[in-house]
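See below for the structure under consideration.
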Amino acid sequence: MFKKILIANRGEIALRIIRACKEMDIKSVTVYSEADKTSPHARYSDEAYYIGESPSSESYLNQKKIISIAKQVGVDAIHPGYGFFSENVEFIKAVEEEGITFIGPSSSSVRMMGTKTAARQLMNQNNVPIVPGSISPINKISEGLEEAQKISYPVLLKSAAGGGGKGMKLVRSENEFAPSFESVKREALKFFADDSVYIEKYIENPKHIEVQIFGDKFGNYVHVFERECSIQRRHQKIIEESPSFYIDNNLRKKITQTALNAAKACGYYNAGTIEFLVDRDFNFYFLEMNTRLQVEHPVSEMISGLDLVKEQINIAAGNELSFQQEDIGISGHAIEARIYAEDPENNFLPSTGKLLDLQLPSGPGIRIDAGFTRGSLISLYYDPLIAKLVSWGKTREEALKRLKRALGEFQIVGVSTNVQFLKAICNNDNFIIGNYDINFIDKEFANENSNNIPDSNDMENAAVIISSLLKMRKSSGEIRTSIMNNNKWTDLQNG
Ligand code: ADP
């Protein structure tokens with residue numbers, strides 16, 4: 001087993017990994033930026049090293065610096081968490097070339113699933129159902145019009161290198177096609193430094209359901225059931241649960257088997273997630289694979305009793321999976337709500353400042369994964385996720401009651417948060433009975449959501465910043481967008 005692991009991340013996920021290391025008697029090393037000098041992740045690890053100025057490009061995305069510290073302090077492995085370098089082929093290769101183990105999949109699996117079109121091609125060849133549409137980028141408008149006619153309107157134009165819900169446009173009819181195509185191409189180039197665009201059939205009112213999988217380096221595969229992630233704002237998840245009440249055992253068997261086939265198709269090992277859209281007739285379609293640990297992994301841990309981070313470390317160390325499929329089952333129900341420092345009164349823009357008070361909920365069935373303590377600074381530079389609140393109950397009803405109760409226990413002073421908005425979701429009749437799809441927030445909270453869309457100037461400026469960061473990173477992944485706040489920009493922390 002490893003003796004020392006460097007955690008190339010920050011916030012709640014760095015703390016989550018430190019906890020796994022401590023339970024496994026592995027020394028943890030963290031890195032921190034100027035803005036994170038007093039952050040809990042830097043204090044709780046066994047060793048912590050300063051890596052640079054606050055912008056991610058000068059700290060958490062400084063590949064050379066991170067690898068040089070890893071070598072200097074003699075770590076056996078690097079855990080990337082989610083976001084930052086977690087899906088960066090170049091970084092994974094550089095780590096491996098130094099004889100350090102990357103806690104995650106091989107760089108070739110990441111590359112195979114790295115762009116949406118490449119992943120769609122591979123899935124198509126391996127009989128994994130994909131959303132109908134093109135499997136390679138569309139070069140000309142005429143080509144796109146032909147494809148759209150084949151699958152019939154409405155269609156979605158998507159950036160092949162896209163992430164974070166950016167670079168997507170709904171096209172309802174032929175005359176909207178040309179201007180939308182040009183606009184997605186422009187946006188894709190700005191956000192992702194790659195203007196490849198392809199077409200998917202727009203699935204009306206689907207559910208977003210994803211399967212947690214694991215593979216080891218000996219070709220063994222297991223799944224850890226599904227997560228229901230349809231509660232999204234601007235295509236980004238805010239509440240996730242497991243299991244999905246929408247899925248019966250028959251469908252569960254099919255979708256989890258398909259997810260395992262998808263993982264095998266790219267020779268995958270370590271933790272991964274296969275995302276699907278499930279339509280109203282229970283047809284499911286591959287959306288994309290996330291080749292890393294997900295933000296929402298705790299709900300899978302709560303219902304399975306597994307520790308997914310320890311399992312990641314175990315597999316990376318060259319051991320076989322510590323359990324087989326028949327060893328695990330679904331126990332009860334878990335729901336996660338993401339607590340963000342953002343201002344619902346101001347288009348949900350990030351809210352920054354010092355946490356003058358931070359009282360976290362506790363009690364039966366409650367787990368909190370937080371990245372901050374009282375006195376911490378929520379800075380402009382990173383994703384404004386304060387904490388993940390996860391509830392568990394014997395039934396969905398109990399888990400939801402606990403979640404609501406716990407939301408009421410938060411006391412956060414110093415920044416605005418989305419806690420009231422989460423409470424409103426928990427009190428919504430359709431959410432309570434489980435009647436929702438990916439358009440839930442648009443449908444049920446039209447007023448709150450309608451003024452959420454940043455104006456075009458903000459988007460243009462955001463695009464320029466994101467594009468330059470992405471150029472540096474040369475990776476695709478899930479991105480939480482940079483947003484302007486007080487004329488400054490929050491940086492990106494993928495996830
Ligand atoms: P990203 O990589 O930017 O997160 P995804 O392809 O994973 O993009 O899609 C994000 C979300 O966008 C999905 O969870 C879903 O809500 C919506 N979406 C994506 N593709 C489609 C589609 N073909 N039809 C309907 N909704 C879609």
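The values are calculated or read from the model by the stated rules, or taken from the named source; none is laboratory data. Quick caveat: nothing in here was measured; it's all calculated off a predicted structure. Here the Cβ positions follow ideal geometry from the backbone for every residue, glycine too, while neighbour counts run over all protein chains shown. In case anyone asks, the SASA skips ligands and DNA or RNA and just uses the protein heavy atoms, side chains included. Shrake-Rupley method; radii C 1.70, N 1.55, O 1.52, S 1.80 Å.
So which residues in the stretch 436-459 are modelled with pLDDT of 95 or more and either touching a His at 6+ places or on another chain (Cβ under 6 Å) or not in a helix (DSSP H, G or I) (or both)?
The answer is TYR436, ASP437, ILE438, ASN439.
Right, LYS166: over 24 Å from ALA387 (Cβ atoms), away from the ligand (no atom under 11 Å from the Cβ) and buried (at least 19 other Cβ atoms within 10 Å of the Cβ) or not?
So LYS166 does not fit the description; no.
So is LEU287 touching a strand residue (DSSP E or B) at 6+ places or on another chain (Cβ under 7 Å), in a loop (DSSP other than H, G, I, E, B) and at pLDDT 95 or above or not?
So LEU287 fails the test.
Among what's in the stretch 295-314 and is buried (at least 24 other Cβ atoms within 10 Å of the Cβ) and assigned to a loop (DSSP other than H, G, I, E, B), pick the residue that is farthest from the chain's Cα centre (by Cα).
GLU296
Any residue that is within 13 Å of the ligand (Cβ to nearest atom), surrounded by fewer than 21 Cβ atoms within 10 Å (Cβ to Cβ) and at pLDDT 95 or above - is there at least one of those in the stretch 179-190?
The answer is no; no qualifying residue exists.
Conditions: (1) assigned to a loop (DSSP other than H, G, I, E, B); (2) open to solvent by 20 Å² or more (accessible area, probe 1.4 Å); (3) closer than 30 Å to ILE17 by Cβ. ILE412 meets all but one. Number of the miss?
Here ILE412 clears every test but (1).
Tell me, which residue of the stretch 74-117 that is out of contact with any helix residue (DSSP H, G or I) (no Cβ under 7 Å at 6 or more places or on another chain), in contact (Cβ under 8 Å) with a residue 24 or more places away in the chain and charged (D, E, K, R) is farthest from the ligand (Cβ to nearest atom)?
That would be ASP76.
What is the residue count in the stretch 315-343 for residues that are surrounded by fewer than 21 Cβ atoms within 10 Å (Cβ to Cβ) and in a helix (DSSP H, G or I)?
3
Given (1) surrounded by fewer than 18 Cβ atoms within 10 Å (Cβ to Cβ); (2) within 23 Å of the chain's Cα centre (by Cα); (3) modelled with pLDDT of 95 or more, identify the lone condition not met by ASN347.
Of everything listed in (1) surrounded by fewer than 18 Cβ atoms within 10 Å (Cβ to Cβ); (2) within 23 Å of the chain's Cα centre (by Cα); (3) modelled with pLDDT of 95 or more, ASN347 misses just condition (3).
SER244 fails exactly one of the following numbered conditions: (1) of a type in the set (S, T, N, Q); (2) in the same structural domain as GLU397 (by TED's automatic domain parsing); (3) in contact with a Ser or Thr (Cβ under 8 Å, 6 or more places away or on another chain). What is the number of that condition?
Only one criterion in (1) of a type in the set (S, T, N, Q); (2) in the same structural domain as GLU397 (by TED's automatic domain parsing); (3) in contact with a Ser or Thr (Cβ under 8 Å, 6 or more places away or on another chain) is unmet by SER244, namely (3).
Select from the stretch 198-256 the residues that are polar (S, T, N, Q), in a strand (DSSP E or B) and open to solvent by 10 Å² or more (accessible area, probe 1.4 Å) and write down the one among them that is nearest to the ligand (Cβ to nearest atom).
Restricting to residues being polar (S, T, N, Q), in a strand (DSSP E or B) and open to solvent by 10 Å² or more (accessible area, probe 1.4 Å), the top hit is GLN232.
Mind checking which residues of the stretch 385-430 are within 22 Å of the chain's Cα centre (by Cα) and over 22 Å from ILE441 (Cβ atoms)?
TRP392
From the list PHE276, PHE284, which one is open to solvent by 10 Å² or more (accessible area, probe 1.4 Å) and either out of contact with any Lys or Arg (no Cβ under 8 Å at 6 or more places or on another chain) or within 15 Å of the ligand (Cβ to nearest atom) (or both)?
Result of the check over PHE276, PHE284: PHE284.
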